[in-house]
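Undergrad: I have a structure I would like to understand better, so I am pasting it below and will then ask my questions one at a time.
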Amino acid sequence: MLTVGPHISIAKGFAAAACDAASIGANTFQFFTRNPRGGKAKALDAADLAAFADVRAEAGISCILAHAPYTLNPCSAKADTRGFALQTLADDLARMEQIMPGQLYNMHPGAHVGQGADVAIRMIADALNQVLASEQTTTLLLETMAGKGSEVGRTFEEIADIIERVELDGHVGVCLDTCHVWDGGYDVVGKLDDVLDEFDRIIGLSRLRAIHLNDSKNPRGAHKDRHEKLGEGYIGFEALSAVTQHPALCDLPFYLETPHDELQGYAGEIERLRATRNC
Ligand code: FE
Ligand code: FE
Ligand code: ZN
């Protein structure tokens with residue numbers, strides 16, 4: 001059974017978000033831990049979390065993916081921005097243990113803002129070494145990036161360099177975003193096997209824990225990061241469906257970050273992915 005779901009708001013609580021997911025045929029979902037631009041997270045509500053567990057059991061939701069605010073930058077040149085990133089990461093990871101233990105927490109590695117990738121990679125690893133703890137059950141994922149601006153994590157090498165410097169690296173994995181790697185230059189349309197071989201060689205496929213399944217508004221190598229609905233962009237539906245069916249990937253959870261105004265828009269994508277999958 002394909003594990004797939006969209007990004008859903010938790011503004012009305014976790015139980016409501018899980019109900020929303022179930023209502024469109026999803027069996028997982030992604031959510032922002034707090035306002036995507038940062039700020040304080042809403043206090044957790046014990047009654048909501050209990051109801052969330054019930055909805056999950058009923059809807060067959062066995063995994064969820066949290067997404068850190070995308071303004072988070074653990075490799076900023078400014079000490080206060082780095083401090084904010086540390087504080088947010090630590091707080092989010094602590095909350096994940098309460099929301100649902102044993103789940104995934106995804107972050108964008110950061111932007112080096114002119115300091116160079118080498119300096120940034122050390123800063124990111126340093127941040128992870130400060131927030132990861134051996135007793136944590138949550139796995140922190142580094143997302144592959146499109147390489148717009150000074151984003152770190154466009155290449156598998158950069159991601160591997162970060163992980164190599166993390167002491168508790170057993171708590172670290174990778175989330176591959178199909179739009180981002182395509183925009184970053186990897187040919188997931190014509191050479192998916194080669195791209196996965198490269199990932200395996202440089203990072204290790206066992207690190208790959210989740211997929212962001214998005215089409216792209218731009219041709220390969222554009223470094224733009226503009227998501228498109230499945231089948232309406234340069235990657236195309238066939239290639240995206242092939243990603244969900246690849247033997248190395250088919251058991252991973254897939255998350256749709258495609259541009260739909262309404263939740264209902266994802267129902268069609270989920271249905272079509274399930275219908276075309278034969279593994
Ligand atoms: Fe992301
Ligand atoms: Fe993504
Ligand atoms: Zn993106």
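Laboratory data are not the source of any read-out in this text; all were calculated from the coordinates shown. Just so we're clear, the structure is a prediction, and the values are computed from it rather than from any experiment. Glycine also receives a Cβ, built like all others from the backbone with ideal geometry; neighbour counts cover every protein chain displayed.
Undergrad: Would it be correct to say that Gly184 is farther than 28 Å from Ser23 by Cβ and within 14 Å of ligand 2 (Cβ to nearest atom)?
TA: It is true that Gly184 is farther than 28 Å from Ser23 by Cβ and within 14 Å of ligand 2 (Cβ to nearest atom).
This table checks each residue for (1) under 30 Å from His171 (Cβ atoms); (2) buried (at least 16 other Cβ atoms within 10 Å of the Cβ).
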| position | (1), (2) |
| --- | --- |
| Lys191 | no, no |
| Asn214 | yes, yes |
| Asn218 | no, yes |
| His227 | yes, yes |
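Undergrad: Is it fair to say Arg207 is in contact (Cβ under 8 Å) with a residue 12 or more places away in the chain and surrounded by fewer than 18 Cβ atoms within 10 Å (Cβ to Cβ)?
TA: no
Undergrad: So Glu238 fits all but one of (1) closer than 21 Å to Gly173 by Cβ; (2) not in a loop (DSSP other than H, G, I, E, B); what number is the exception?
TA: Exception for Glu238: condition (1).
Undergrad: Please verify whether Asp251 is in contact with an Asp or Glu (Cβ under 9 Å, 6 or more places away or on another chain), under 29 Å from Thr139 (Cβ atoms) and of a type in the set (Asp, Glu), treating the condition exactly as stated.
TA: no
Undergrad: Residues in segment 188-199: is at least one closer than 20 Å to Asp251 by Cα, more than 16 Å from ligand 3 (Cβ to nearest atom), within 16 Å of the chain's Cα centre (by Cα) and aliphatic (A, V, I, L, M)?
TA: Scanning segment 188-199 turns up no residue that is closer than 20 Å to Asp251 by Cα, more than 16 Å from ligand 3 (Cβ to nearest atom), within 16 Å of the chain's Cα centre (by Cα) and aliphatic (A, V, I, L, M).
Undergrad: Filter segment 70-80 for residues that are under 22 Å from Ala146 (Cα atoms) and more than 16 Å from ligand 2 (Cβ to nearest atom); which is surrounded by the fewest Cβ atoms within 10 Å (Cβ to Cβ)?
TA: This residue is Ala77.
Undergrad: Could you please find all residues in segment 247-271 being more than 18 Å from Ala22 (Cβ to Cβ) and out of contact with any Ser or Thr (no Cβ under 7 Å at 6 or more places or on another chain)?
TA: Listed by number, the residues that qualify are Pro247, Ala248, Leu249, Asp251, Leu252, Glu257, Thr258, Pro259, Asp261.
Undergrad: A follow-up question, please. Scanning for something among the basic types (Lys, Arg) and either touching a Ser or Thr at 6+ places or on another chain (Cβ under 7 Å) or without any contact (Cβ under 8 Å) to a residue 24 or more places away in the chain (or both), does segment 87-101 turn up at least one residue?
TA: yes
Undergrad: Moving on to the next point. For segment 62-79, check the following and say yes or no: at least one residue is more than 20 Å from Thr138 (Cβ to Cβ), hydrophobic (A, V, I, L, M, F, W, C) and not in a helix (DSSP H, G or I).
TA: Checking segment 62-79: at least one residue is more than 20 Å from Thr138 (Cβ to Cβ), hydrophobic (A, V, I, L, M, F, W, C) and not in a helix (DSSP H, G or I).
Undergrad: Restricted to segment 209-220, and to residues that are out of contact with any helix residue (DSSP H, G or I) (no Cβ under 7 Å at 6 or more places or on another chain) and not small (Gly, Ala, Ser), which residue is farthest from ligand 3 (Cβ to nearest atom)?
TA: Looking at the filtered set, the residue picked out is Arg209.
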